[in-house]
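Below is one structure, written out as structure tokens; comments come after it.
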Amino acid sequence: MYDTLFSPLTIGPRTARNRIIFGSHTTNFARHNMLSQQHADYYAARAEGGAGMIVLEEHIVHNSDLPYERAVLGYLPDTPDAIKSVVQRIHQHDTLALVQLNHNGQQSTSDHNQRELWGASPVPNVSSREVPKEMELADIRAVIDGFGLVAKYAKQGGVDGVELQVSDSSLLRQFLSPLTNQRSDTYGGVLDNRLRFLQETIEAVDNAIGSDTILGLRFCADELAPWAGLTPEQSIEIARLLVATRRINYLTVTMGSILSTNMFPFTATMHVAPGYAVHLATAIKATVNIPVFAAGRIMNAAQAERILAEQQADGVEMIRPLIADPMLPRLSHNGKATQVRPCIFCNQGCQVRSAMNVTLSCNVNPDVLHSSPVEPTATRTSGLPVCIVGGGVAGMEAARTLALQGRRVILYEREAILGGTVALASNGAGRAELGLISDYLIAELERLGVEVHTGVEATPQMLMEQRFSAIIIATGAHTGTGLLPIPGHDLPHVTDVRRVLAGEVINGQRVVVIDESDSHGVLSAIELLASQGKQVEVVTEDWYIGRDLVATQDLTGWMQRTLPHNVVHTPHTSVVRIEPNGVIVADKYADGERLLPADIVVLGTYERPSSTLYDTLKGRVQRLYRIGDCVTPRRIEQAIAEGRQIGEMIAGTQPSL
Ligand SMILES: Cc1cc2nc3c(=O)[nH]c(=O)nc-3n(C[C@@H](O)[C@H](O)[C@H](O)COP(=O)(O)O)c2cc1C
Ligand code: SF4
């Protein structure tokens, strides 16, 4: 299936077996700032899963750049050996292996090395407000030499090629773009000058690797900052000039920049259209004669095949979809696309460039962090069934894991449909893609023959009357009534976020939402109400509305979508009590109380575990476990990971928790 996608592609001196690049991305898997065993296992799984080409995460080329503590420092002398041990694992599966080379420039930080930032010009880093030093000519030379050195190391490590980062967080892009390059010397001003640093870098890298090794570019063709940034028109000209050097073998085309105000910095979530940057690749493909890869929210093989069949690009870069399921290429090629675990484009597990050194994980795929994939067992084990109560993602992942190991599983779900909180959350404005993961698990349970009873509330008596080898409680959570229960929370005009998302009819025009958690769920309910024409006011004790949306790069979009509906933000404000005609609030930094008039009050308060069934059964049945939000409310990631772990433990493939 998908004949174009899975046809070979010649990229300069090498040929990839298919047209899927697993693109470069930060993992924080490094040990002592070198590639690690964890890297090797991670990339090998994607090679085994069928990626045509893998670009290893960025290798920093010079010691003036330490963007996060666990960055891979490519200039360390042991780099060739470290690369070799990863590349050998990738090559075992007939996949090409490249290394990305980068200097983050003014998008780096001085937090870890206490050195000044280096940039083309003293334009501040928009996140940290750090102002870089304008690089002197000797600095420019040193960085170019660094690119050459690390390219040489990569070649010694046996790579098929190197990729220059001229995209997201990149000094090379910063020199190209008038947004960040305001120099008046031979490296600034007209395009020929702004291109000089990149061209000299290409020359140095070319000298280091020779013509038998691929040299590619990951290139931002639209910074979404038309007042000064790179525009699609300029990018076509830049691409043409670069390809004219005859040393570039492919281009991967991206969109967005840290300075863009009208969309997202780099990594688009489910709120942005699939394939949002493909048009840029298509425009460049029309003017160059090397392979051009489209990037950004290419979600599955069917979409990728369409892009290639319509000649919009020669290949596709897929990052998050292959984080979520390394087997995507192979399963899709073999006609099993429905068995691919889908990325839900949430940016919740995989956003790792923070000061906290958190390692890469994935909301839907516990293998990234916790374990290895469950190997299916052909035979069904005899013996008592395992009972699971709760058909949310935790319960379903446990059921899937056990069924794959040949266990008989009976699952009870109180609601008429499976999916639990995730299915509910997918009703939030623009959040339908959350439902991909519950739909996938539902299909898996059906495929694996799990006995599912929906619309059945499992009672303690019912469970004690039957014989099970184990009982897993996965009954989820419910909305609480406030950290300190809010006086008036039980008045008739008070509802909660869950009921709003479930489609409850809201009678009345003026709605006050009490936002305790600042979470995606609450914010999506606000958007839903606003889009229904309600007059919404949001109260939070936080400094601003939507803290949870910052890390996932969703806040800008949410603001843009809700602003036209005149949603009123009331930050740093405590709720005193709810009254029949509204909510009494007090500013945290001022004296006095005031009334926010409301017809309906919506509680966006912290979730509480729904653990009554577990508490009742505890001590009365053997082998009783609980997982997911009914332990304590968290995220999809923990729910699925715990489902997997308990399933493996009961099936006897993993030690006890
Ligand atoms: C965890 C993570 C880290 C990333 N780090 C880098 C990076 O260091 N260099 C780079 O060129 N792109 C990096 N990206 C690539 C994204 O900016 C990319 O444009 C985005 O993931 C779109 O592709 P996708 O929809 O296929 O995931 C990263 C992406 C992810 C998910
Ligand atoms: S954490 Fe979310 S966005 Fe990232 S790979 Fe996993 S499902 Fe996709």
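The values are calculated or read from the model by the stated rules, or taken from the named source; none is laboratory data. What you see is a predicted model, and the numbers here were worked out from it, not measured in a lab. Quick reminder, even Gly has a Cβ in these numbers, built from the backbone with ideal geometry, and neighbours come from all protein chains shown. What goes into the accessible areas is simple: the full protein's heavy atoms, side chains included, and nothing from ligands, DNA or RNA. Shrake-Rupley method; radii C 1.70, N 1.55, O 1.52, S 1.80 Å.
Counting only residues that are surrounded by fewer than 20 Cβ atoms within 10 Å (Cβ to Cβ) and under 26 Å from L603 (Cα atoms), how many does the stretch 461-487 have?
8
Starting from the stretch 264-293, keep only residues that are modelled with pLDDT of 95 or more, then list their pairs with residues that are buried (at least 23 other Cβ atoms within 10 Å of the Cβ) and among the acidic types (D, E) whose Cβ atoms are within a distance under 8 Å, requiring at least 6 positions of separation or different chains.
A277/D222; L280/D222; F293/E317
Among the strands (runs of 3 or more DSSP E) contained in the stretch 592-657, which hold 3 or more residues that are surrounded by 15 or more Cβ atoms within 10 Å (Cβ to Cβ)? Quick ask: steps written out before the conclusion?
On the way: elements: 594-597, 600-604, 607-609, 624-626.
In the stretch 592-657, the matching strands (runs of 3 or more DSSP E) lie at 600-604, 607-609, 624-626.
For H572, only one of the following conditions fails: (1) touching a helix residue (DSSP H, G or I) at 6+ places or on another chain (Cβ under 9 Å); (2) on the phi > 0 side of the Ramachandran plot. What is its number?
So H572 meets the others, but not (1).
Any residue at all in the stretch 136-152 that's open to solvent by 10 Å² or more (accessible area, probe 1.4 Å), in contact with a helix residue (DSSP H, G or I) (Cβ under 8 Å, 6 or more places away or on another chain), in the same structural domain as R89 (by TED's automatic domain parsing) and assigned to a strand (DSSP E or B)?
The answer is no, given that none of the residues of the stretch 136-152 is open to solvent by 10 Å² or more (accessible area, probe 1.4 Å), in contact with a helix residue (DSSP H, G or I) (Cβ under 8 Å, 6 or more places away or on another chain), in the same structural domain as R89 (by TED's automatic domain parsing) and assigned to a strand (DSSP E or B).
Let me confirm something: among A429, A477, which residue is in contact with a Cys (Cβ under 7 Å, 6 or more places away or on another chain) and within 26 Å of N363 (Cβ to Cβ)?
On the way: A429 fails: in contact with a Cys (Cβ under 7 Å, 6 or more places away or on another chain).
It is A477.
Among the residues of the stretch 515-526, what is the count of those that are under 22 Å from the mean Cα position of the chain (by Cα) and part of a helix (DSSP H, G or I)? Steps first, answer last, please.
Going through the stretch 515-526, the residues under 22 Å from the mean Cα position of the chain (by Cα) turn out to be 517-525.
Retained after the next criterion (residues that are part of a helix (DSSP H, G or I)): 520-525.
Total meeting the criteria: 6.
Determine which member of the set T245, T269, T254, T287 is within 12 Å of ligand 1 (Cβ to nearest atom) and in a loop (DSSP other than H, G, I, E, B).
After applying the criteria, what remains is T269.
Which one of G455, G508, G533 is over 30 Å from G256 (Cβ atoms), assigned by TED's automatic domain parsing to the domain that holds N581, surrounded by fewer than 18 Cβ atoms within 10 Å (Cβ to Cβ) and in contact with a strand residue (DSSP E or B) (Cβ under 8 Å, 6 or more places away or on another chain)?
Working: G455 fails: assigned by TED's automatic domain parsing to the domain that holds N581; G533 fails: in contact with a strand residue (DSSP E or B) (Cβ under 8 Å, 6 or more places away or on another chain).
The unique qualifying residue is G508.
In the stretch 462-485, how many are part of a strand (DSSP E or B) and either among the basic types (K, R) or closer than 25 Å to L424 by Cβ (or both)? Can you show your working first?
First pass over the stretch 462-485, keeping only residues part of a strand (DSSP E or B): 470-473, 477-479.
Checking which are either among the basic types (K, R) or closer than 25 Å to L424 by Cβ (or both) leaves us with 471-473, 477-479.
Of the residues in that region, 6 qualify.
Would you mind stating whether I344 is under 30 Å from T109 (Cβ atoms), within 11 Å of ligand 1 (Cβ to nearest atom), under 19 Å from the mean Cα position of the chain (by Cα) and open to solvent by less than 40 Å² (accessible area, probe 1.4 Å)? Lay out the reasoning, then the answer.
Numbers: under 30 Å from T109 (Cβ atoms): yes; within 11 Å of ligand 1 (Cβ to nearest atom): no; under 19 Å from the mean Cα position of the chain (by Cα): yes; open to solvent by less than 40 Å² (accessible area, probe 1.4 Å): yes.
No, not satisfied.
Return yes or no: is M327 closer than 21 Å to A221 by Cα, open to solvent by 10 Å² or more (accessible area, probe 1.4 Å) and not β-branched (V, I, T)?
Details: closer than 21 Å to A221 by Cα: no; open to solvent by 10 Å² or more (accessible area, probe 1.4 Å): yes; not β-branched (V, I, T): yes.
Here the answer is no, as M327 does not meet what is asked.
State whether one or more residues within the stretch 42-60 are of a type in the set (S, T, Y) and not in a helix (DSSP H, G or I). Walk me through it before giving the result.
Within the stretch 42-60, the subset of a type in the set (S, T, Y) is 42-43.
Then keep just the ones that are not in a helix (DSSP H, G or I); that gives none.
Scanning the stretch 42-60, I find no residue that is of a type in the set (S, T, Y) and not in a helix (DSSP H, G or I), so the answer is no.
In the stretch 153-171, which residues are at positive phi and in contact with an Asp or Glu (Cβ under 7 Å, 6 or more places away or on another chain)?
Correct list: empty.
Does the stretch 104-111 contain at least one residue that is touching a Lys or Arg at 6+ places or on another chain (Cβ under 7 Å) and either farther than 25 Å from P373 by Cα or surrounded by 19 or more Cβ atoms within 10 Å (Cβ to Cβ) (or both)? Outline the logic, then answer.
Narrowing the stretch 104-111 to residues touching a Lys or Arg at 6+ places or on another chain (Cβ under 7 Å): none.
No, the stretch 104-111 contains no residue that is touching a Lys or Arg at 6+ places or on another chain (Cβ under 7 Å) and either farther than 25 Å from P373 by Cα or surrounded by 19 or more Cβ atoms within 10 Å (Cβ to Cβ) (or both).
Which of the residues belonging to the stretch 164-207 are polar (S, T, N, Q) and either part of a loop (DSSP other than H, G, I, E, B) or under 20 Å from P67 (Cα atoms) (or both)?
As a first pass, look at the stretch 164-207 and keep what is polar (S, T, N, Q): 165, 167, 169-170, 174, 177, 180-182, 184, 186, 193, 199, 201, 207.
Passing the criteria: Q165, S167, S169, S170, Q174, S177, T180, N181, Q182, S184, T186.
Just a yes or no: is a residue in the stretch 272-279 over 27 Å from V243 (Cβ atoms), within 15 Å of ligand 1 (Cβ to nearest atom) and aromatic (F, W, Y)? Walk me through how you get there before you give the answer.
Our first condition is that a residue be over 27 Å from V243 (Cβ atoms); within the stretch 272-279, this holds for 272-274.
Within this subset, residues satisfying the condition of being within 15 Å of ligand 1 (Cβ to nearest atom) are 272-274.
Filter once more, keeping what is aromatic (F, W, Y): none.
Looking for residues that are over 27 Å from V243 (Cβ atoms), within 15 Å of ligand 1 (Cβ to nearest atom) and aromatic (F, W, Y), one finds none in the stretch 272-279, hence no.
Suppose we filter the stretch 527-558 for residues that are part of a helix (DSSP H, G or I) and in contact (Cβ under 8 Å) with a residue 24 or more places away in the chain; how many remain? Spell out the reasoning first.
Our first condition is that a residue be part of a helix (DSSP H, G or I); within the stretch 527-558, this holds for 527-531, 548-551, 555-558.
Then keep just the ones that are in contact (Cβ under 8 Å) with a residue 24 or more places away in the chain; that gives 527-531, 548-549, 551, 556-558.
Summing the residues that are part of a helix (DSSP H, G or I) and in contact (Cβ under 8 Å) with a residue 24 or more places away in the chain in the stretch 527-558 gives 11.
For the stretch 431-461, how many residues meet the condition of being under 16 Å from G619 (Cα atoms) and not in a loop (DSSP other than H, G, I, E, B)?
Start the filter on the stretch 431-461 by keeping residues that are under 16 Å from G619 (Cα atoms), which leaves 459-461.
Narrowing the set further to residues that are not in a loop (DSSP other than H, G, I, E, B) leaves 460-461.
Final tally of qualifying residues: 2.
Among the candidates A225, A268, single out the residue that is surrounded by 18 or more Cβ atoms within 10 Å (Cβ to Cβ), touching a Lys or Arg at 6+ places or on another chain (Cβ under 6 Å), more than 30 Å from S211 (Cβ to Cβ) and not polar (S, T, N, Q).
Numbers: A225 fails: touching a Lys or Arg at 6+ places or on another chain (Cβ under 6 Å).
The match here is A268.
How many of the residues making up the stretch 210-233 are over 22 Å from H25 (Cα atoms) and either within 33 Å of the chain's Cα centre (by Cα) or not assigned by TED's automatic domain parsing to the domain that holds V190 (or both)? Even if it seems obvious, please write down each step before you answer.
If we filter the stretch 210-233 for residues that are over 22 Å from H25 (Cα atoms), which is where we start, we get 210-212, 225-233.
Now drop any that are not either within 33 Å of the chain's Cα centre (by Cα) or not assigned by TED's automatic domain parsing to the domain that holds V190 (or both), which leaves 225-233.
Count: 9.
Based on this model, can you work out whether G335 counts as touching a residue at least 24 places away in the same chain (Cβ under 8 Å) and under 28 Å from A443 (Cβ atoms)?
Details: touching a residue at least 24 places away in the same chain (Cβ under 8 Å): yes; under 28 Å from A443 (Cβ atoms): yes.
Answer is yes for this residue.
Return the residues of the stretch 290-324 that are surrounded by 20 or more Cβ atoms within 10 Å (Cβ to Cβ) and assigned to a helix (DSSP H, G or I); say none if nothing qualifies.
A301, A304, I307, L308, R320, P321, L322, I323, A324
Within the stretch 317-341, track down each residue that is aliphatic (A, V, I, L, M) and more than 16 Å from ligand 2 (Cβ to nearest atom). First the steps, then the outcome.
At the first step, the residues of the stretch 317-341 found to be aliphatic (A, V, I, L, M) are 318-319, 322-324, 327-328, 331, 337, 340.
Passing the criteria: L331, A337.
Looking only at the stretch 414-430, which residues are touching a residue at least 40 places away in the same chain (Cβ under 8 Å), in contact with an Asp or Glu (Cβ under 9 Å, 6 or more places away or on another chain) and open to solvent by less than 20 Å² (accessible area, probe 1.4 Å)?
Once the filter is applied, which keeps residues that are touching a residue at least 40 places away in the same chain (Cβ under 8 Å), in contact with an Asp or Glu (Cβ under 9 Å, 6 or more places away or on another chain) and open to solvent by less than 20 Å² (accessible area, probe 1.4 Å), the stretch 414-430 yields G428, A429.
If you scan the stretch 559-577, which residues turn out to be in contact with a Ser or Thr (Cβ under 9 Å, 6 or more places away or on another chain) and part of a helix (DSSP H, G or I)?
From the stretch 559-577, those in contact with a Ser or Thr (Cβ under 9 Å, 6 or more places away or on another chain) are 561-562, 565, 569-573; that's our starting set.
Result: R561, T562, H565.
What number of residues within the stretch 113-123 satisfy the criterion of being assigned to a loop (DSSP other than H, G, I, E, B) and open to solvent by less than 60 Å² (accessible area, probe 1.4 Å)? Break it down into steps so the answer makes sense when it comes.
So in the stretch 113-123, the residues assigned to a loop (DSSP other than H, G, I, E, B) come out as 113-117, 120-123.
From the residues that got through so far, the ones that are open to solvent by less than 60 Å² (accessible area, probe 1.4 Å) too are 113, 117, 120-121, 123.
The number of residues fulfilling the criteria is 5.
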